[in-house]
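Here's the structure, in structure tokens; my notes come after.
FYI, it's all coordinate maths here, none of it is from the lab. Quick caveat, the model's predicted, so the values are computed rather than measured. Heads up, the Cβs are rebuilt from the backbone with ideal geometry, glycines too, and the neighbour counts pull from every protein chain shown.
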Amino acid sequence: MSTASSPASPQPAGRRSLGLRGADAPPARRPDSFYEAIGGEPTFRRIVHRFYEQVATDDIMFPMYPEPEDLGPAEERLRMFLEQYWGGPTTYSDTRGHPRLRMRHAPYPVTPTARDRWLKLMTVAVKEAGLAPLHEATLLDYLERAAFSLVNTAEPGGPQ
Ligand code: HEM
């Protein structure tokens, strides 16, 4: 009998929360997780590192970072979050608490343009990881929905 707590969210299986609200206790670590299926920590490291390599030279993303001289900690936080979300270690919540990603992004102007750039860089990183087509599609679908959900401001000078 598993001791894993059942999800607090009433959402149907396969439609877990994006990590943005209170009802998204991380799933227990499972050997059959998506995290394990795509190769575990090395795969997440590779994807997030490649993403941050691009951030470092990106005209929209780079200026948003509060500590641009060292993107390493930001890279680690994103990796830990994604690993946890997909059934890997819960180090993110153990060290940072509840994700509350919308709240944590409130200080940054996530415009539709920033969202699209974030997604563009992340898509490159995911595609270069060479995942199985269904895994790649699953991950990109999640990342797209997560990015859309984090938009918190209109374009400067755009319609109110
Ligand atoms: C939509 C466009 C996005 C922009 C412009 C953006 C930008 C940022 C910025 C500037 C930070 C601060 C980094 C720092 O603390 O040094 C951050 C943190 C973070 N972002 Fe994003 N982000 C975006 C989307 C996402 C998405 C889709 C996810 C998850 C799937 C995500 C997960 C995180 C996490 C986990 C952190 C660290 C939070 C913490 O402090 O624990 N972000 N993001």
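If the chain linking residue 120 and residue 132 were pulled fully straight, counting 0.36 nm for each residue of separation and taking away their Cα-Cα distance, it would gain 2.4 nm. Sorted ascending by nearby beta carbons within 10 Å, beginning with the fewest, 110, 126 become 110, 126. What shape does the stretch 62-160 have by the C-alpha gyration tensor, where a ≥ b ≥ c are the square roots of the eigenvalues, rounded means a/c under 1.5, and otherwise prolate means a/b greater than b/c and oblate the rest? Oblate, since a/c reaches 1.5 and b/c is not below a/b.
Cβ crowding within 10 Å ranks 103, 61 as 103, 61, fewest other Cβ atoms first.
Put simply, when 53-60, 81-88 are sorted by average Cβ atoms within 10 angstrom per residue, most first, you get 81-88, 53-60.
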